[in-house]
1. Take Ala88 and tell me if it is in contact with a Gly (Cβ under 8 Å, 6 or more places away or on another chain), hydrophobic (A, V, I, L, M, F, W, C) and within 30 Å of Phe409 (Cα to Cα).
2. Name the residue that is nearest to the chain's Cα centre (by Cα), counting only residues in segment 59-81 that are open to solvent by less than 20 Å² (accessible area, probe 1.4 Å) and of a type outside the set (A, V, I, L, M).
3. Can you tell me which residues in segment 218-231 are under 34 Å from the mean Cα position of the chain (by Cα) and either part of a loop (DSSP other than H, G, I, E, B) or at positive phi (or both)?
4. In segment 559-582, what count of residues is obtained for those that are closer than 21 Å to Gly614 by Cβ and not in a loop (DSSP other than H, G, I, E, B)?
5. Given the condition at negative phi, open to solvent by 10 Å² or more (accessible area, probe 1.4 Å) and touching a strand residue (DSSP E or B) at 6+ places or on another chain (Cβ under 9 Å), answer yes or no: does some residue in segment 516-524 qualify?
6. Report yes if Pro538 is within 30 Å of Pro369 (Cβ to Cβ) and loosely packed, with under 14 Cβ neighbours inside 10 Å, otherwise no.
7. Residues in segment 423-446 that are open to solvent by 20 Å² or more (accessible area, probe 1.4 Å), in contact with a helix residue (DSSP H, G or I) (Cβ under 9 Å, 6 or more places away or on another chain) and either among the small types (Gly, Ala, Ser) or farther than 30 Å from Ser473 by Cβ (or both): how many?
Amino acid sequence: MTYVTGAEEQAKTGKAPCLKGQSYVQYTYAPDRILHPMERVGKKGEGKWRRITWDEAYSKIASRFKQIIDEHGSEAILPYSYSGNYGAIGMSASGERFWNRIGSSILERKVCTYAAYDGLKSLYGTFLGPDPEDVVLSDVYLNWGHDEVVSNTIAIKLINEARDRGTKILAVNPQRTPLCSQADIYLQPRPSTDVQLCAGIMKYLVEKDLVNHKFIAEQTIGYDELLKRLDEISYDEVEAITGVPRAKMFEFAQVLGENEKTMLRMGYGFQRNFNGGRMARAVAMLLAVTGNFGKRGNGLIYDNVHAGGGLNQYQASGKYMRPNPDAQRINMTELAKALHPTNPTSHDKPSKSIHGMIIYNGNPVVVAPDTNAVIEGMKREDLFVVGHDMVMTDSLQYCDIIVPAASQFETDDIVGDYHGYYVQVCQKVIEPLGECKCNWTFFRELGQAMGFEDPAFQASNDDIIHELLDTDSPYYKGVTYDRLMKEKYIKLDIPQPVLADGKYETPSGKIEFSSQLMADAGFHPVLDWGLPEDEMEPKERELPFRLLSSGVPQRVNSSFYNVKYIRAIPAYYVKINPKDAQQYGIVNNDTVKLSNHRGEAKFVAMVTTGVPEGSLMTPKCNWLRLNPNGTDGCTNSLTTDKLTDMGGCSAYHSTRVALAKA
């Protein structure tokens with residue numbers, strides 16, 4: 001493989017890969033690519049290994065897993081993985097067949113989006129949204145807590161086309177992103193104050209009679225309760241809490257209220273807070289009071305998983321094989337707690353101790369919060385850890401066995417969007433390098449080494465693709481294996497506009513400004529004013545800065561950090577507001593230390609108005625061993641592993657730190 005370019009026939013992305021895509025040749029042929037199985041010969045973390053054969057690796061893993069199951073039960077084994085290359089086989093079906101067959105603990109992979117799932121459902125019953133390509137039909141594009149440059153570059157050309165047609169761009173984000181700088185109106189609230197900001201905006205819309213009375217009367221309940229709740233907060237309070245000047249907020253609300261069609265793109269990051277679900281609910285209310293549901297060019301885009309969710313993962317993932325569907329559940333955000341050497345817990349309750357783990361599609365030491373506690377758990381000598389990856393990540397340093405993984409260019413798979421409505425093929429381009437194996441080959445052969453004779457462990461990647469496409473989902477009507485292989489990518493036929501019938505999957509069948517679901521969860525049924533600081537321990541609440549850990553355009557979580565083409569682009573900096581920098585005597589390029597009771601890490605200062613006073617931003621999921629300022633800390637050395645208010649999501653951004661010159 002000598003180059004990577006965009007497929008000309010792939011209309012949604014065009015011909016140009018992003019920076020990460022352009023680095024895929026170096027990514028695939030990286031000099032530190034793991035090419036052979038290895039066994040640890042020193043202490044965990046020492047980095048001492050000896051080469052072994054695949055047969056030896058399978059024998060050792062299978063033998064140890066059988067011993068663990070005999071001594072502690074199958075729930076003493078835990079997978080740790082997330083998206084990998086997002087292939088339906090590589091991400092889900094491959095490993096899940098194995099985990100379901102042995103009856104392992106169930107990993108709750110809720111690190112990304114789940115707080116807003118529940119928050120949105122409490123209002124209008126779903127988190128699925130309209131076709132993002134319809135933004136060109138919108139009067140207003142409202143970006144709330146999203147950064148297209150980082151994680152949605154293919155949307156930029158659509159936004160630009162919409163702008164050329166006269167669409168207004170509104171943006172809300174504590175961190176000033178490129179789109180925020182280009183927006184017609186940009187609001188920069190303090191982190192996690194979104195409920196109060198939304199209340200202020202709705203208060204203005206009501207007072208200026210910019211609400212859609214007909215829509216509210218026909219498709220909502222609880223509007224009177226909303227009006228009462230809005231009366232309980234003043235503009236002075238909104239301004240004091242959010243830091244947003246009321247004149248700017250009023251200007252924003254006026255544009256939102258006087259235009260007919262608004263499409264709102266909600267980001268994932270902002271809901272990774274202790275009040276994440278409550279904030280998502282409040283943001284979506286802006287569309288409800290203005291009647292922005294049920295038409296082409298309006299609605300809320302959050303996580304359009306129609307394509308992936310419509311596949312037959314029940315069959316492909318082997319869920320029918322699981323002997324213990326009520327097995328203990330471990331939330332991946334709480335990995336440190338689950339691996340605690342003496343007092344393992346999950347969801348604030350005691351859990352069964354974990355004695356075996358396979359890491360694949362993930363790098364938990366620097367992706368999971370509270371890095372130092374994760375490392376302490378992984379150092380346990382009674383914890384047998386296998387790592388399946390392409391390169392020596394920080395996590396693989398604590399493994400007992402390492403086996404080499406194939407890239408997406410070395411295997412066959414299919415991929416469903418989680419933004420648009422497409423399903424596409426991922427075809428093998430080259431043979432696996434060295435002795436690398438794709439996820440399914442690894443788990444299939446490991447299953448065979450465990451003695452599994454089930455037909456599921458004889459299947460090929462091609463067989464699993466057939467199973468995935470054998471689905472009753474109406475989204476996949478007319479999508480066959482032969483058609484997909486021929487056309488390479490297919491846009492699913494999902495009726496538009498969404499929610500056109502005015503029917504919502506809520507208890508009342510309508511949008512619920514007042515929700516019993518929220519009340520049952522212990523929150524105010526309309527708008528809950530709670531802030532993350534209310535839930536922090538005093539020793540953290542008293543620290544001077546909120547820490548945001550955002551994505552950056554040149555990385556995907558912890559991926560690409562080893563790639564030569566990427567490594568020169570900074571990922572170990574901290575953004576500091578000029579007023580805060582002046583107070584601490586910090587200038588650009590100073591080395592500074594962030595710290596709290598979980599740990600500390602050093603970064604290079606970047607003084608900028610891109611973050612508000614009292615807030616700092618560091619790139620998320622950066623590696624320990626590649627930190628040029630000191631390999632004893634990284635961003636997630638500082639972050640909390642407490643879960644969100646709803647959905648069991650991560651709450652990385654509900655973290656406070658101290659700042660000092662190093």
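1. Details: in contact with a Gly (Cβ under 8 Å, 6 or more places away or on another chain): yes; hydrophobic (A, V, I, L, M, F, W, C): yes; within 30 Å of Phe409 (Cα to Cα): yes.
So Ala88 fits the description; yes.
2. First pass over segment 59-81, keeping only residues open to solvent by less than 20 Å² (accessible area, probe 1.4 Å): 61-62, 65, 68, 76-81.
After this cut, where a residue has to be of a type outside the set (A, V, I, L, M) as well, the list is 65, 79-81.
Values: Phe65: 30, Pro79: 18, Tyr80: 15, Ser81: 13 Å.
Ranking the qualifying residues of segment 59-81, first place goes to Ser81.
3. Matches in segment 218-231: Gly222 only.
4. We begin by selecting, within segment 559-582, every residue closer than 21 Å to Gly614 by Cβ; these are 573-582.
Okay, now just the ones that are also not in a loop (DSSP other than H, G, I, E, B), so 573-576, 578-582.
Residues in segment 559-582 being closer than 21 Å to Gly614 by Cβ and not in a loop (DSSP other than H, G, I, E, B): 9 in total.
5. Filtering segment 516-524 down to residues at negative phi leaves 516-521, 523-524.
The next check asks that each one be open to solvent by 10 Å² or more (accessible area, probe 1.4 Å); those that pass are 516-517, 519-521, 523-524.
After this cut, where a residue has to be touching a strand residue (DSSP E or B) at 6+ places or on another chain (Cβ under 9 Å) as well, the list is none.
Checked segment 516-524: no residue is at negative phi, open to solvent by 10 Å² or more (accessible area, probe 1.4 Å) and touching a strand residue (DSSP E or B) at 6+ places or on another chain (Cβ under 9 Å).
6. Details: within 30 Å of Pro369 (Cβ to Cβ): yes; loosely packed, with under 14 Cβ neighbours inside 10 Å: yes.
So Pro538 fits the description; yes.
7. 7
Here's the yes/no breakdown for (1) over 30 Å from Lys48 (Cβ atoms); (2) touching a helix residue (DSSP H, G or I) at 6+ places or on another chain (Cβ under 9 Å); (3) not aromatic (Phe, Trp, Tyr):
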site	(1), (2), (3)
Asn372	no, yes, yes
Glu376	no, yes, yes
Phe384	no, yes, no
Thr411	yes, yes, yes
Tyr418	yes, yes, no
Leu468	yes, yes, yes
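The values are calculated or read from the model by the stated rules, or taken from the named source; none is laboratory data. For clarity, every value in this text was computed on a predicted model and none was experimentally measured. When we count neighbours, we look across all protein chains shown, and the Cβ atoms used for this are built from the backbone with ideal geometry, even at glycine. Areas reflect the complete protein model, heavy atoms only, side chains present, ligands, DNA and RNA absent. Shrake-Rupley method; radii C 1.70, N 1.55, O 1.52, S 1.80 Å.
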